[in-house]
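**Q** First, the structure itself, so that you have it in front of you.
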Amino acid sequence: MNNPPDRGGLVKETKTLWRLALPLIGAQLAQMGMGVTDVVMAGHYSSTDLAGVALGGSLFWPIILLLMGLVHAVTPTVSQLHGAQKISDIGEVVRQGLWLALIAGLTAVLLLNSIGPIYSWMSVDATASAISIPYLRMCSFGVPALMCYFCLRYLADGMGFTRPALYISITALVVKIPLNYALIYGKFGLPELGGIGCGVAQAIIMWFQLSLILIVVTRKRFNPTGWRNHFSRPRWTHIRPLLVIGIPIGTTIFAEMGLFAVTTLLLGRYGAEVVASHNIAMNINGVLFMPALALGMAATIRVGFRVGSQEVVGARTTAAIAIATTTVVAIAGSIAIFFLRTDMVAAYTNDPNVADLSSVLLLFVVFFLVFDAIQATAAGTLRGYKDTRVPMFIALFSYWGVGLPIECMLGFGWFGEPMGIYGFCWGSPQAWALRLYC
């Protein structure tokens, strides 16, 4: 099965990739929508609550994605076993993945409840941190459930069943909006918690998602994996291969998200309006980045399956299709931001100062979205091969060795006039361009 594909084969593989990717795009957008919902609803409550939730999210998601990356190793492992027709071996991978997810979740709880000193050390605006700290504390109660949810979702994804992720994410978003409203504004007999209510709602939704994925993976189609057949204690011989793949995945994601987080914290000294504006711009970037991320996830599944099936040339074809498609989608996203940025910002805030600054910052997003999208899909493709170490080193060097120093140099004016938030925004594209080049 190593012959170059003909035109019909290319069309068929493109359809297969999109069949996997479309539900994941919807799922990622819905998952992102929950974060956007927090920002939008907190922003309409007050600018201070918006800044607090923004600060909380800038730390919450990098930590979650770092630990989630460990569990993400389940996807290529399951997809390769699926391609190799070793279905019965998948069960033990999932059981050990659940142990890994539980450990990661409890670690996140400890980290999220110890965040106060970081805010003090970085001189973050006190009014925003007063919202952010309890917001993170509330979110932490749902993280163990979220990690287990992702492990079981990756079982379904790895076997080519990507629609459950879409249905669960949309359902969770639909439930979260009224729950946020009730907890932020104190409706239906619930206390008025402002931005902190977003954290309470987030924790509830995490447990809700776990309950829904359990309904999915206990269906008959997953019985051949045997993941429910018996109880397994943690086994280092099985967990170690997951960590070998998962640690670089988590580190790569954290390197990117961590740069966003540190940038937001460094901007905290400029006040709530600047933090809010930066967060709005990054949220819009995140929404339009989701298709690329989902295509990368679909490529992981499909490439992993073809590698397991010994279809070496076919795996390369899948990778090429994924990257080409991502490029087109990202260019369309950049064009949309350029022409519609004012309308996009209006959905987040009614504060004119925040809206004006957010619109300007989105011009930087127009530039680096294409770089970011292509590298994300390329990284997802490599995960299908279980090649995760090289992307990790490139990400660490690009974001932290180049991007952050340039941001600080321009923003704080180490060698000239300080450019403030614009200096930080000028530094970010350098990191994405360098990573794509590498």
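**Q** So what's the angle, to the nearest 10 degrees on a 0 to 90 scale, between helix 47-72 and the longest Cα principal axis of the chain?
**A** Taking the Cα atoms of the chain, the angle to 47-72 is about 20 degrees.
**Q** If you stretched the chain out fully between Trp207 and His238, how much longer would it get, using 0.36 nm times the residue separation minus the C-alpha to C-alpha distance?
**A** 8.5 nm
**Q** How many nm is it between the label spots at Trp18 and Thr327, if each spot is 7 Å from the Cα in line with the beta carbon?
**A** Each label point lies 7 Å from its Cα, and together they span 1.8 nm.
**Q** To continue, here is another question. For the chain, max minus min Cα coordinate along each principal axis, in Å, sorted largest first?
**A** On the principal axes, the chain reaches 59, 49, 37 Å in Cα extent.
**Q** Which one, Ile247, Leu98, Leu266, is farthest towards the positive end of the dipole of region 7-437 when Lys and Arg carry +1 and Asp and Glu -1 on their Cβ?
**A** Leu98
**Q** Rounded to the nearest 0.05, what FRET efficiency do Ser46 and Arg228 have when you use their Cβ-Cβ distance and R0 = 41 Å?
**A** 0.30
**Q** Taking 60 Å as R0, compute the FRET efficiency from the Cβ-Cβ separation of Asn350 and Gln85 and round it to 0.05.
**A** 0.60
**Q** How far apart, in nm, are two points set 7 Å out from the Cα along the Cα-to-Cβ line at Phe393 and at Thr218?
**A** Roughly 4.6 nm, to one decimal.
**Q** Once a ≥ b ≥ c are taken as the square roots of the eigenvalues of the Cα gyration tensor of region 313-438, is the result rounded (a/c under 1.5), prolate (a/b larger than b/c) or oblate (a/b not larger than b/c)?
**A** Oblate.
**Q** Want the number for Leu106 to Ser309: 0.36 nm per residue separation, take away the alpha-carbon distance, what's left?
**A** The span from Leu106 to Ser309 would gain 69.4 nm if fully extended.
**Q** Another question, if that's okay. Give me the net charge of Ser359's neighbourhood, meaning all other residues with Cβ under 14 Å from the Cβ of Ser359; Lys, Arg count +1, Asp, Glu -1.
**A** Summing Lys and Arg as +1 and Asp and Glu as -1 gives -3.
**Q** While we're here: Quote the FRET efficiency, to the nearest 0.05, computed for Trp414 versus Ile118 with a Förster distance R0 of 30 Å and r equal to the Cβ-Cβ distance.
**A** Working from the Cβ atoms, E equals 0.85.
**Q** At 0.36 nm per residue, and after removing the present C-alpha to C-alpha distance, how many nm does the segment from Ile170 to Arg316 gain when stretched out fully?
**A** So the extension gain works out to 49.3 nm.
**Q** While we're looking at this one, here's another question. What does the helix-only formula give at 222 nm for the chain: each DSSP H stretch with n ≥ 4 adding -39500 (n - 2.57), the total divided by the residues, and the result rounded to the nearest 500 deg cm²/dmol?
**A** Value at 222 nm, helices only: -28000 deg cm²/dmol.
Values in this text are rule-based calculations from the coordinates and carry no lab data. Because the structure is predicted, anything quoted here is derived from the model rather than measured. With ideal geometry, Cβ positions are generated from the backbone for all residues, glycine too; neighbour counts draw on all protein chains shown.
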